[in-house]
Each structure stands twice: as structure tokens, then as C-alpha cells.
1. Just need a number here: residues in the stretch 47-85 that are among the hydrophobic types (A, V, I, L, M, F, W, C), touching a residue at least 24 places away in the same chain (Cβ under 8 Å) and under 19 Å from Ala113 (Cα atoms).
2. So which residues in the stretch 120-163 are within 19 Å of the chain's Cα centre (by Cα) and of a type in the set (D, E, K, R), if there are any at all?
3. May I ask you to say which residue of Asn95, Asn125, Asn105 is closer than 27 Å to Phe191 by Cβ and surrounded by fewer than 15 Cβ atoms within 10 Å (Cβ to Cβ)?
4. Scanning for something among the aliphatic types (A, V, I, L, M) and touching a Gly at 6+ places or on another chain (Cβ under 9 Å), does the stretch 136-155 turn up at least one residue?
5. In this structure, is Leu70 over 16 Å from the mean Cα position of the chain (by Cα) and either assigned by TED's automatic domain parsing to the domain that holds Pro173 or modelled with pLDDT of 85 or more (or both)?
6. Just checking, how many residues over the stretch 62-88 are surrounded by 15 or more Cβ atoms within 10 Å (Cβ to Cβ) and in a strand (DSSP E or B)?
7. Pull out all pairs, ordered by first then second residue, where Cβ-Cβ is under 6 Å, the residues are six or more apart or on different chains, the first lies in the stretch 135-153 and is more than 30 Å from Glu114 (Cβ to Cβ), and the second is assigned to a loop (DSSP other than H, G, I, E, B).
8. I'm checking my understanding of the structure. Among residues of the stretch 89-111 that are assigned to a strand (DSSP E or B) and free of Cβ contacts under 8 Å to residues at least 60 places away in the same chain, which one is farthest from the chain's Cα centre (by Cα)?
Amino acid sequence: MKNIIKITTVVAFMFATVAGIAREPKLNLLSAGKAKSVVLTMDASSKGVQVKLMDADLNVIYSERMSAGLFSKKLNLKDLTDGVYFLSAEDNLKNYSYTIVLENNNLKIVAIAEDIKPVFRKTDNMILMNYLNLDKSKLSIKIFDAESRTVFSHEVADEMIVEKAFNFTDAFPGVYTVIVKSAGKTYTEEFVVN
């Protein structure tokens, strides 16, 4: 029975990965004369995509939430000074980050990063979490209530697929926060238990 569950989980992650590849963004740089811009094209998930452009000090220059479906957004960078900028596109499954260098009227992408986020699902009084921990790094899971009291704490090491089910049947009604930490990254999700 455990083998069937593990195989089903692996197949589900494979389908999620294939679906994620279909939504992977494409970033085109347009740099001709004084016209400097980037065009981000992406198929947004059902919850949409948050697009942000930040400067080297992580000050947000531009932010917009794109609705579900295919979109193409052109960001004009002609008024920005030479330097390093960060463009991110975040949906409910992944965060895509681009490091862009603007120098002498030229644009260059110097780094691209993709961050897979944990997937949470709530059914009745259960919260289900799946996380694809590709580098098998140490993972910390904590749940806090509305008073910031720890109601659950667990650490996982050396596991590629982390699956957890949290039963809130006997929990007091209120807002609960799940915090997942892995490889220096923190993911937060809030749930309301009735």
C-alpha cells in the first residue's frame, strides 16, 4: 500500500512538473538605441502571477498582479540608471527570478533562478502539504496559532518528496500559519479553521 502511495505521489509531481513547464515564463530583452525594455510572456496559473521589478537594494520599482491565462507584459527601462535589477514572476507553484544588468544602453540577463514552492491544500479539517525537496536539504515545518504559539514542529532530513497531513479536527477555530524553511528559504501559508 505504501508503495502505491509513493508511486502515485511521484506521478503527481511529474504531472505538476510538466504543467509547470508549460507555464514557464519567457523573457525577451529589447535594447536598440535608447529603447530599453523587457517583455515577459507567461501562462499564468489559476491564481495569477505577481510580477515585480526591483533595484539592487530590493526597492520595488514596479509591481502588478497578472490574472490567469496567457499574458505578455512589456516593461520600459529607458529611464533607469545603469545598474543591477531583479525581475520576479511568482505564481502558486514557483518563483522565477531574473538578474538583469543595465549598462551603456545594453541589457543583459546574468542569472536565472527557479524556486519550487510547497503546495498546500485544505480539505474539511485537514491541511495537506507536498514539497519537492530536490537537494534533500534539511526542512523545518512549524505551525503557529493566532497567538503565535507553536502547535506543531517537525524537522525532515534527507528526503526528496516531503508529504505531510495535518489534522485540525479537534483544533480551536481561528487562523493558523504554516512556516516551511529549507535551504535558507522560507515559505508561509495561512489557513482558517472553523
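1. 7
2. Within the stretch 120-163, Arg121, Lys122, Asp135, Lys136, Lys138, Lys142, Glu163 qualify.
3. Asn125
4. yes
5. When the stated conditions are applied, Leu70 does not pass them.
6. 9
7. Val151/Asp145
8. The residue in question is Glu103.
The values are calculated or read from the model by the stated rules, or taken from the named source; none is laboratory data. This structure is a prediction, so every number in the text was calculated from the model and none was measured. No Cβ is skipped: glycine too gets one built from the backbone with ideal geometry, and neighbour counts run over all protein chains shown.
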